[in-house]
Amino acid sequence: MTLYRFCNQINMATDYQLESPQILLDFLSYHETIKAHSSKTVDEYFLDLRNFFRYLKRMRNPNLRNVPLEEISILDVDLSLLRTVSLTDIYGYMTYLSRDRVVHHNSENSDKGISAASRARKLATIRSFFNYLCNKRHLLEDNPCKDIDAPKLKKTLPRYLTLHESIDLLNAVDGSNRERDYCILTLFLNCGLRISELIGLNRSDIHDDALRILGKGNKVRIVYLNQACQDALQQYLEVRRPITGKDQDALFLSGQNQRISRSAVHALVKKHLSHAGLDSSQYSSHKLRHTAATLMLQNGVDVKAVQEVLGHEHLNTTEIYTHIDNDSLRVAAKANPLSKIKVKQSKDS
C-alpha cells in the first residue's frame, strides 16, 4: 500500500472513531478488514448511519425535536435503541430524506430532499447494518429491513462521446501540461478507468504493455495498454518532473509537484472538453469511462471482456452499455413493414 493510500485511510478512521458508538465501530471495522471495502466506502457507511441514528434519536426524544440534526451526538446509540427500530421507522426516515433538508454532504443539502438514487444507497447501508447485527453478530432476532422495498429508480442510459467527438477532444489538448493531460484523457477513453483509479496510479504500476489497477474494494486488476496508451505514457514520462517525498512514485503530478487531485483531473477534463467545442456541463471524467465501454462494445468486444476491463463486479452493470447503440434494434426498426411508407405531401406544398 502506498503512503498516499495509507494516509487517506488514517484520516478516514480518525473521523469516524471519534463520533461512533462501539456497535457502529464494529460494523465499520468488519467492512474495512473482513469485506476489504475501500476507505471511501466505509466512510460513506459511517455518514449514512450517523444521519440515520441522529434521526432516530430526534424521533424518540421530544427534547431533541428542535435541535439541528448535525448537533446530535450518536455516541450513546446501543442495542437497546436498535431493538426498538421498526419497518415504520425506516419508511419514516426514507420519507424524511425525500422531503426535508438533509445535513450530510454539502452536495446533498436541499430543501427538496435527496434523489431516489441517494435514498436507495442510504437504505442499502441501513439494510447492511441490520443484516450484520442479525446474521453475523446474532445480536438482534428481528430484522426491521427484512420486508422493506427500495425506492424506485429512474432508468437512464449513460451519456458518452462518439468516436468523432473523442478524437476532437484528444486533438484539442494543448497547454503547459499537454503531455500529462493527453495521457490522462487517452487512458480514460481507452481503458475506462475510474478517476480514483487514475489518480492512485504509480509509475511502478506500469508493466510493459499493462497497468496494475487498484479498483473498488481494493481489488487489483490488470488492464492491457494499446499502442495509443503506450505512446501517450512514453511521451508523458519523458517530460515528467523527478520529485522527492511521499509522492515521488505518483504517476500524474500537479503543478505543485504532488499527486494530482480528483478536483484537478475534473478541471482539466472540463477545460479540454470546452476547447474541443463540446458541452462541458454534460460530460465529465466518468462520462469518458462510459465512452470507453461504449466504443469497445460497438467495435465487437465481448461484454464479459469489457466487464473485466472496467472492473465491474456484476455483468448487469456492464450490460447497460449494450443498450446505447444496438445494431440489432436498428435492424428491427427497419424490418417493420411500415418503415418504407413515405410521407404524403400536402396539396399546398
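What the table shows:
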{"read-out": "Length added when fully stretched, E319-L75, from 0.36 nm per residue minus Cα-Cα", "value": "83.5 nm"}
{"read-out": "Residue-wise HN-Hα coupling along the range 220-234, computed from phi with Karplus coefficients 6.51, -1.76, 1.60 (Hz; x: Gly, Pro)", "value": "8, 9, 9, 10, 7, 9, 7, 5, 4, 5, 4, 5, 5, 5, 4"}
{"read-out": "Sorted by Cβ density within 10 Å, fewest first, the residues L47, L28", "value": "L47, L28"}
{"read-out": "Label-point separation, N218 to D279 (7 Å along Cα→Cβ), nm", "value": "4.2 nm"}
{"read-out": "Nonlocal Lys pairs with alpha-carbon distance under 19 Å, the range 163-331 (8 or more apart, or different chains)", "value": "5"}
{"read-out": "Length-normalised contact order for the range 163-331 - Cα pairs under 8 Å, 6+ apart - percent", "value": "26 percent"}
{"read-out": "Using a Förster distance of 35 Å, the FRET efficiency for T33-Q248 (Cβ separation, nearest 0.05)", "value": "0.75"}
{"read-out": "Relative packing of peptides 137-146, 57-66, 121-130, 199-208 - highest average C-beta neighbours within 10 Å first", "value": "121-130, 199-208, 137-146, 57-66"}
{"read-out": "Per-residue Cβ neighbour rank within 10 angstrom, fewest leading, H314, H275", "value": "H314, H275"}
{"read-out": "From phi via Karplus (6.51, -1.76, 1.60), per-residue ³J(HN,Hα) for the range 41-47 in Hz, x at Gly/Pro", "value": "5, 4, 5, 5, 4, 4, 4"}
{"read-out": "Length released on extending from K146 to R65, taking residue separation times 0.36 nm less the Cα-Cα span", "value": "26.3 nm"}
{"read-out": "Order of I260, I222 under a 10 Å beta carbon neighbour criterion, fewest first", "value": "I222, I260"}
{"read-out": "Residues whose placed amide H lies under 5 Å from that of A210, excluding near-sequence neighbours", "value": "L225"}
{"read-out": "Phi to ³J(HN,Hα) by Karplus 6.51 cos²θ - 1.76 cosθ + 1.60 over the range 50-63, Hz, x for Gly, Pro", "value": "4, 5, 5, 5, 4, 4, 4, 5, 5, 5, 7, 10, x, 5"}
{"read-out": "Rounded FRET efficiency, nearest 0.05, which uses the C-beta distance separating R241 from N171 and R0 of 35 Å", "value": "0.85"}
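Coordinate-derived values only; no laboratory data. Note that the structure is a prediction, hence the values are computed from the model and not measured. Cβ sites come from the backbone with ideal geometry, for glycine too, and all protein chains shown count toward neighbours.
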